[in-house]
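The values are calculated or read from the model by the stated rules, or taken from the named source; none is laboratory data. Note that the structure is predicted; figures quoted are calculated from it, not measured. Cβ sites come from the backbone with ideal geometry, for glycine too, and all protein chains shown count toward neighbours. Remember, those area values only see protein heavy atoms, side chains included, never the ligands or the DNA or RNA. Shrake-Rupley method; radii C 1.70, N 1.55, O 1.52, S 1.80 Å.
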Amino acid sequence: MNEFLQHVKEGLTKTPKALSSRYFYDEIGDKLFQEIMQLEQYYLPVCEMQIIQQQSQQMAKNLAQVHKKLQIIELGAGDGSKTKHLLNQFRPHFDALEYVAMDISESILCVNKREIESEVSGIDICSKAGNYFQTYKDLPETSYGRLVLFLGANIGNFILDDAANFFHFVKQGLKENDAFIVAFDLVKHPRKIIAAYDDCKGITKAFNLNLLSRMNRELGADFDISKFEHFPFYNPACGSSVSHIVSLEDQIVHFSDGFEVKFESYETIHTEISKKYFPKDIKYLSDHSGLSISQTYCNQNKDYALVMFNRINE
Ligand code: AVJ
């Protein structure tokens with residue numbers, strides 16, 4: 001059975017209903033996410049760009065002390081619009097640079113490839129579409145030093161313990177002195193956070209509801225989008241921003257293979273968590289994975305951070 005269909009059947013038969021945010025990213029979802037990144041209320045890309053522009057040189061210098069040739073693997077690479085700046089600043093510091101982009105979406109990887117090829121020179125590029133738990137595991141060994149990038153605050157899509165497991169997983173592909181750079185959106189004023197996931201233009205709403213349209217397109221479902229609402233909320237106690245889709249009435253949705261799902265009024269589908277980090281959470285990840293924190297690069301506001309973790313000899 002098609003992987004998406006299998007996921008949907010599992011997710012919509014459990015209580016409460018839930019679907020993974022990784023299915024947001026079909027071609028339409030990719031475009032909507034690119035629009036989200038342009039929104040003023042979605043403050044994350046601006047914070048990240050500031051750090052990349054002002055501090056990638058320093059990151060490169062730190063890494064160049066231990067590696068002359070570097071393989072950069074980006075998990076959840078997206079369109080490459082920010083990474084190209086990082087790569088350009090890294091280039092002069094190394095004898096050779098290889099860039100491997102991994103993403104669940106094949107279409108966004110094409111955009112990524114075009115972007116990096118045209119804007120960065122003297123670098124070997126390759127892309128691997130698919131679930132990065134698979135594509136990362138399948139990577140051949142390299143004689144180069146390795147840097148794994150996980151930007152865009154993608155780590156926020158994991159609850160803390162899953163993030164710790166993910167760190168473990170990434171560590172398996174790292175040798176001594178290799179590095180892992182992760183972008184964390186840090187806790188900040190709760191109203192600023194909630195606005196980022198409930199923008200005035202309704203793009204984030206369309207992004208969430210596209211998951212229903214995607215089931216209509218790909219699985220022959222008959223969701224009436226107007227009978228569902230996007231509802232995000234933020235819990236400042238644990239730093240988690242959570243999104244749900246709410247059914248506005250009692251209804252039954254049918255899929256082309258005969259599968260049916262019943263929704264009661266105001267029943268929800270959990271679609272996404274976007275966790276905001278307290279410094280103690282970052283320490284927790286380091287303590288539980290055995291990757292040590294070597295540098296923290298913050299934006300001017302000190303509410304967004306790129307943290308460099310290293311595998312050191314145990
Ligand atoms: C791509 C996972 C970082 O959680 O902020 C944007 C996705 N969801 N608006 C995030 C998203 C709603 C985004 N990440």
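Descriptive notes on the structure:
- Each stretch of four or more DSSP H residues adds -39500 (n - 2.57); spread over every residue of the chain, this sum gives -11500 deg cm²/dmol at 222 nm.
- Note on the chain: with charges restricted to the Cβ of Lys and Arg (+1) and Asp and Glu (-1), its dipole about the Cα centre is near 1060 debye.
- Relative to its Kirkwood radius, the Cα radius of gyration of the chain gives an Rg/Rh of 0.98.
- Estimated distance in nm for a label pair at Ala18 and Asn2, the labels positioned 7 Å out from Cα along Cα-to-Cβ: 2.4 nm
- The alpha-carbon atoms of region 160-269 define a convex hull whose volume equals 169 cubic angstrom per residue.
- Cα-based Rg / Dmax (Å) for region 223-314: 20.4, 58
- A compact globular protein would have a Cα radius of gyration near 2.2 N^0.38 Å; the ratio found for region 83-219 is 1.23.
- Scaling the Cα radius of gyration of region 3-104 by the globular reference 2.2 N^0.38 Å produces a ratio of 1.42.
- One Cα centroid belongs to region 53-92, the other to region 268-288; the line between them spans 24 Å.
- The stretch between Lys171 and Cys126 holds 14.1 nm of extra length on full extension. This uses 0.36 nm per residue minus the Cα-Cα distance.
- For Phe278, distant residues with modelled amide H under 5 Å away: Val187
- Close amide-amide hydrogen proximity is noted between Ala221 and Asn216, Ser256, each under 5 Å apart and 5 or more residues distant or on a separate chain (H modeled in the peptide plane; Pro and chain starts excluded).
- Taken along the Cα-to-beta-carbon direction at a fixed 7 Å, the label points for Asn301 and Cys110 span 3.5 nm.
- For region 232-306, the share of accessible area belonging to carbon and sulfur comes to 54 percent (1.4 Å probe, ligands and nucleic acids excluded).
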